[in-house]
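No value in this document is a laboratory result; all are computed from the given coordinates. Predicted model, so just to flag it, every value in this text is computed and none were measured. Here Cβ is always computed from backbone atoms with ideal geometry, including for glycine, and neighbour counts include all displayed protein chains.
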Amino acid sequence: MRFKLLLVLVEDERLDAVLKAARHAGATGATTITSARGEGLVPQKTFFGLDLASQRDIVLLVVEEHLSRSILEAVAKAGCFDTEPGSGIALQLPIEDAVGLESQIRFLSKQVEDRL
């Protein structure tokens, strides 16, 4: 079984919607890193040195490769990534090898088999 890493950078207020969408699309879990900051095409404004931009969260999802695209699309839709500039981004990276995924592999084997 092969896996992909979905790396999602999302506005804090949209985190719950993104996690729910990922789970509904087939993700079996996620790791969230809170309070990240970033800058897009247009730098955010500050007020006397205080950053006015909303906080971002980083979500890491290790997903089965056959499910990765549908999860990526569900996350993008829930986060409004394609409709609202600056709302976040998501990308997928190949995973060469991983350990600690035995319970997910047993669960996903049946799920992926049913979808294919």
Let me make sure I get this right: for region 59-116, a, b and c are the square roots of the gyration tensor eigenvalues over alpha carbons, sorted descending. Under 1.5 in a/c it's rounded, otherwise prolate if a/b > b/c, else oblate. Which is it?
prolate
Expected sort for V99, V10 with the fewest Cβ neighbours (10 Å cutoff) up front is V99, V10
So which aspartates and glutamates can K4 reach, going by Cα to Cα under 16 Å and dropping same-chain residues fewer than 8 places off?
E64, E65, E73, E96, D97, E102
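I'd like to compare 11-22, 84-95: which one has the highest average count of other Cβ atoms within 10 Å, and what's the full order after that?
Details: 11-22: 17.8, 84-95: 14.8.
The densest-packed peptide leads the list: 11-22, 84-95.
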